[in-house]
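The values are calculated or read from the model by the stated rules, or taken from the named source; none is laboratory data. Computed from a predicted model, the values in this text were never measured in an experiment. Cβ sites come from the backbone with ideal geometry, for glycine too, and all protein chains shown count toward neighbours. Ligands, DNA and RNA are stripped out before the accessible areas are found, and what is left, the full protein with its side chains, is counted by its heavy atoms. Shrake-Rupley method; radii C 1.70, N 1.55, O 1.52, S 1.80 Å.
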Amino acid sequence: MKKICSNLFAVLCLMMGTMMMFSCSKSEDTPNEKGNPEAQVKVKEETKSAIISVKNLPVKSEVLLVYADDRGQMLTKGLTDAQGNWQFDADQLVGFEQHLKVMVKENDQNKLIQTLTIPAAKQTLTQQQIENLLMKHTWSSVVYTSRMLIKHKGNLPLDMFIGVAQKQFKFENNGKFVFKVTSPLNFTDNNGSWTLSNQELTINTKIPLGPLSMTHVRINKLTDDELSLLAEISDGLFLISFKAQK
């Protein structure tokens with residue numbers, strides 16, 4: 001009887017040990033639960049760009065980047081991958097620090113994850129280099145890379161002006177500025193003006209609906225082929241892209 005009890009005890013110990021080993025193994029094989037959603041930004045100053053990364057979201061969640069302003073517009077949106085992560089490459093902007101709300105859509109509502117900041121890029125061109133390159137070409141707009149960052153006040157259809165109208169800017173000697181629309185209508189103002197001070201432009205011209213003033217216009221990009229202007233118009237902020245007409 002004593003031997004039988006001893007054998008039963010040994011079998012029970014063996015079974016308990018096996019169950020504990022299986023339980024530990026199963027616990028180790030099970031992935032940890034996702035933590036809270038989080039976002040971060042990594043700046044690459046050499047390329048004037050920033051990588052925004054979002055993680056710990058459900059698979060195929062819709063992520064939005066929106067400028068943190070009462071009239072801020074959406075920069076971009078996308079879906080998380082199979083690991084619940086999402087990444088976006090953004091450009092730094094000269095003279096403008098970008099504050100972006102990282103949001104996720106839940107039940108048709110946008111939920112804020114956190115707000116990130118992309119530092120402003122520095123202007124590397126001199127005043128003289130800017131003047132020379134601006135006056136070298138007539139600049140034709142590229143509407144598909146132009147966009148509204150902060151919506152303007154008032155009723156002017158500036159979203160159409162930025163994102164639809166095909167237009168030309170010409171910076172001439174003695175501060176003369178020529179503005180032309182080639183589509184969807186034809187319009188020309190030969191009596192505009194431009195000034196450059198502290199590497200920022202002020203442009204005054206007319207559009208078909210009346211006078212138009214662009215202030216604190218930062219030269220975001222300027223080469224022999226491309227021009228990108230970050231312009232304040234009617235308390236709104238717009239990025240306007242051009243290519244050189246050669």
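With a probe of 1.4 Å, find how much accessible area the range 130-209 has per residue, and write the answer as a whole number in Å².
53
Can you tell me the length gained on complete extension of the stretch Lys153 to Met135, counting 0.36 nm per residue apart and subtracting the Cα distance?
3.4 nm
Could you list the residues of the range 139-174 with an amide nitrogen less than 17 Å from a label point located 7 Å from the Cα of Ala120 in the Cα-to-C-beta direction?
Answer for the range 139-174: 149-150.
What do you get for the angle between helix 2-29 and the principal long axis of the chain? Use alpha-carbon atoms, 0 to 90 degrees, nearest ten.
Tilt of helix 2-29: around 0 degrees.
Would you please classify the overall shape of the range 114-241 from the alpha carbon gyration tensor, given that a ≥ b ≥ c denote the square roots of the eigenvalues, rounded means a/c under 1.5, and beyond that prolate means a/b larger than b/c while oblate covers the rest?
oblate
Can you give the extra length, in nm with one decimal, that the chain gains between Asn36 and Gln245 once fully stretched, where that is 0.36 nm per residue apart less the Cα-Cα distance?
My answer for the length gained is 70.2 nm.
I need the shape label for the range 108-159. Rule: rounded when a/c is under 1.5, else prolate if a/b > b/c, else oblate, with a, b, c from the alpha carbon gyration tensor.
oblate
Rounding to the nearest 10 and keeping the result within 0 to 90°, find how far the Cα-based axis of helix 127-136 lies from the longest principal axis of the chain.
70
Would you mind calculating the gained length between Ser49 and Gln87 on full extension (0.36 nm times residue separation, minus the Cα-Cα distance), in nm to one decimal?
Result: 12.4 nm gained on full extension.
Rounded to the nearest 500 deg cm²/dmol, what is the calculated helix-only ellipticity per residue at 222 nm for the chain, with -39500 (n - 2.57) per DSSP H run of length n ≥ 4?
Taken over the chain, the calculation gives -6000 deg cm²/dmol.
Would you tell me the accessible area of Leu158, worked out with a 1.4 angstrom probe on the heavy atoms of the protein chains, in Å² to the nearest 10?
About 0 Å², ignoring ligands and nucleic acids.
Determine how large the accessible area of Glu46 is when every protein chain is in place; take a 1.4 Å probe and give Å² rounded to the nearest 10.
150
Averaging over every viewing direction, what projected area does the convex hull of the Cα atoms of the range 170-246 cover, in nm²?
Taking the Cα atoms of the range 170-246, their convex hull projects to 5.6 nm² on average.
Above 24 Å lies some portion of the pair distances; for the chain, what is it as a whole percent of all C-alpha pairs?
The share of Cα pairs beyond 24 Å in the chain comes to 58 percent.
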